[in-house]
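Data block below; observations after.
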Amino acid sequence: KAVKLSRPVLLKHIEQTRRRRPAASPEEIIDALGRRFTATVSGTGAAAGATAAAPGVGTGVSLALAAGDAVGFTGIAALYVFSLAEIHGIPVQDLERRRTLLLGVMLGDAGANTVQQMATRTGPHWARIIVSKVPVTTLRQINRVLGKNFVTKYGTKQGILVLGKQVPFGIGAAIGGAGNAMFAQLTIRSALRAFGPAPETWPPHLSDGPPDEEPPEGGVLEPAPLG
């Protein structure tokens, strides 16, 4: 579901961020998107962890909510990563390319190394390579490897965080918020390395600027529908 985010949702997310900063450069908007990403998942992680201290909430329900938050994190990460692709002028609509991009970014250095080794291409900013040069047949092979690593390595780390959210007396809420924020920062750093420096100007499809509407109050993004 995360890789099936509709393009209108991505463009709306970028527009909402630009409305608050109409004169902002692409680099400034990318930074703002990262902060929104971190704030959003920190809030959902803390909320999931707080259920452990709520009266009447059983362990099974609490675990289910924490696991659901881990799944939701992937969807919000996809919103951030694919929005960066739009700003860099390399929108990604093919599902295999989206899957490679998202898994590679979320797996950090291990994901980047896997992509570059299996694609037999090296370079400092691998996201551009997979969008423009790597055949889909090769991407499918890469995704099989990334998918296994995502389940075992990344899934294990998220599983530990899910258990940490079960600690009562408000500790689970703190662990959930801080843990999600840490994962967000790792994802952001990985994405910035994958795409490279922000463009100095907006790509043609974003160059007209955001609409002149007033944005809703608050800087935390709404959970995006997975279309």
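The values are calculated or read from the model by the stated rules, or taken from the named source; none is laboratory data. This is a predicted model, so every value here is computed, not measured. Please note that ligands, DNA and RNA were not included when accessible areas were found on the heavy atoms of the full protein model with its side chains. Shrake-Rupley method; radii C 1.70, N 1.55, O 1.52, S 1.80 Å.
Sorted by accessible area (1.4 Å probe), largest first, how do 86, 200 line up? Walk me through the intermediate numbers first.
Numbers: 86 0, 200 175 Å².
Result of the area sort, largest leading: 200, 86.
Among the listed pairs 4/133; 12/148; 4/148, those whose Cα-Cα separation exceeds 24 Å are 12/148.
Could you sort 37, 150 by their accessible area in this structure, using a 1.4 Å probe and putting the largest first? List each step's numbers first, then the result.
Working: 37 0, 150 40 Å².
From most accessible down to least: 150, 37.
Taking every protein chain into account, the 1.4 Å probe leaves residue 101 with about 0 Å² of accessible area, to the nearest ten.
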